[in-house]
Amino acid sequence: MAAREPALRVLQVASSLYEWGGIERYVVYLATGLTERGHQVEITCPPGSPISERVPGTHALTMRRKLDLRGFAAYLRLFRANRYDVVHGHFSPDFTLPAYAARMTRQPLTVMTRHLATHWSQPKARAYSRLWNRIIPVSHAVERRLAENGVPPGQMVVAKAGSPAPTLKSARADVRDDLMIADHQFALGSFGRLVPEKGVEVLLGALPELSGVRVCVFGSGPSEIALKQLADERKLQPRVTFHGQVADVADAMASMDAVVIPSTWEEPFPYAALEAMALGRPIIASRIGGLPEVVQEGVTGTLFNPGDSADLAGAIGRLMADRQAAEAMGRRGRELHRAEYTVERMAERIEAAYRLPL
């Protein structure tokens, strides 16, 4: 019987994370998964942040910008008092001075997760490649972008995220009643921050081609007013309703017939897709970024060309025309989530990346 590998002491560096978005959830899910695997996990994060509210015993530490010297001094104190097997950073303001502090105090392994598929200049790519021993892209789309920018391929290990099993509080029929979705309507849900790159305008542009469709937009953001005006101008209400932030996202998502992710930017590996799969909902997504890595055409959902409302209308129409096939996609998505995209599987992948030889 093979000997069990020793437990690791891991510091998750989240001192620049102030909201509750995909990166914050990644940090909390990863900490949970690694702890369940027997590792000692600590987190640095701003006091009063969503992470600190969800995880007891975090280190109150803030990095407001890349060259926050007060934060740098706090990291030096932390690292001089503690030796970690792994120091793991997650967001841009934490990519520089915490890494220098870890190097100065001879922490054994520094790891960065790159959560975005956006461009780095070659000098930045070289600098981060020197500062961090290993870089974990959240998808192959992110890996390709980093390689284009100059990060050595041998320094990267793709390790995809996971999400917990959802907890439903209300019956699906009751939620649909509350949302005033008629039995005959094919309900589409859009979930996320309302900003131009999320492509909700593309979804609204698909509706004139379709009948019998109801669109529920969940989330808020700077584009909310403009999107509501657009829906009014195109006389899309009451077929389109805006619900803002909702407390029970799982209940709302489970009540939909399909989840639409119409992004026009390179989504790295969105949690909305993982959550839809966990709930057994088929996904209609842009063929961009990391989305084709999780949404398998004809298996767990269907893809359309980004920014193309007519192509999106066709994809919606195909699912509407064969609801049994749509439900089968949802079931396969749930099975795939259970096999590959749980928090446990995420922690296994990240731990394996930690243990690779340098």
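The values are calculated or read from the model by the stated rules, or taken from the named source; none is laboratory data. Predicted model only: the values in this text are computed from it and were never measured. Quick reminder, even Gly has a Cβ in these numbers, built from the backbone with ideal geometry, and neighbours come from all protein chains shown.
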**Prompt:** Which fully enclosed strands (runs of 3 or more DSSP E) of the stretch 138-244 have 3 or more residues being modelled with pLDDT of 95 or more, in contact with an Asp or Glu (Cβ under 8 Å, 6 or more places away or on another chain) and not β-branched (Val, Ile, Thr)?
**Reply:** 186-191
**Meets criteria (surrounded by fewer than 20 Cβ atoms within 10 Å (Cβ to Cβ) and of a type outside the set (A, V, I, L, M)) for residue 345** = yes
**Meets criteria (among the basic types (Lys, Arg) and crowded, with 17+ Cβ neighbours inside 10 Å) for residue 281** = yes
**Prompt:** Just checking, which of 283, 288, 225 is over 18 Å from residue 180 (Cβ atoms) and free of Cβ contacts under 8 Å to residues at least 24 places away in the same chain?
**Reply:** 225
**Prompt:** Which one of 163, 139, 170 is hydroxyl-bearing (Ser, Thr, Tyr) and touching a Pro at 6+ places or on another chain (Cβ under 9 Å)?
**Reply:** 139
**Request:** State which residue pairs qualify: first residue without any contact (Cβ under 8 Å) to a residue 40 or more places away in the chain and inside the stretch 322-346, second residue in a loop (DSSP other than H, G, I, E, B) and hydrophobic (A, V, I, L, M, F, W, C) in any location, beta carbons under 7 Å apart, and separation of 6 or more residues or different chains.
**Result:** 332/299
**Item:** Subset tally (residues that are free of Cβ contacts under 8 Å to residues at least 24 places away in the same chain and in contact with a helix residue (DSSP H, G or I) (Cβ under 7 Å, 6 or more places away or on another chain)) for the stretch 22-51
**Value:** 0
**Prompt:** When you scan the stretch 1-44, how many residues do you find that are assigned to a strand (DSSP E or B) and either hydroxyl-bearing (Ser, Thr, Tyr) or in contact with a His (Cβ under 9 Å, 6 or more places away or on another chain) (or both)?
**Reply:** 8
**Request:** Among the residues of the stretch 76-100, count how many are surrounded by fewer than 23 Cβ atoms within 10 Å (Cβ to Cβ) and within 12 Å of residue 131 (Cα to Cα).
**Result:** 3
**Complete:** Residue hits (the stretch 70-101; of a type outside the set (Phe, Trp, Tyr) and farther than 22 Å from residue 26 by Cα) are 70, 71, 73, 74, 76, 77, 78, 80, 81, 82, 83, 101
**Request:** Could you list all residues from the stretch 187-222 that are small (Gly, Ala, Ser), free of Cβ contacts under 8 Å to residues at least 60 places away in the same chain and within 14 Å of residue 316 (Cβ to Cβ)?
**Result:** 211
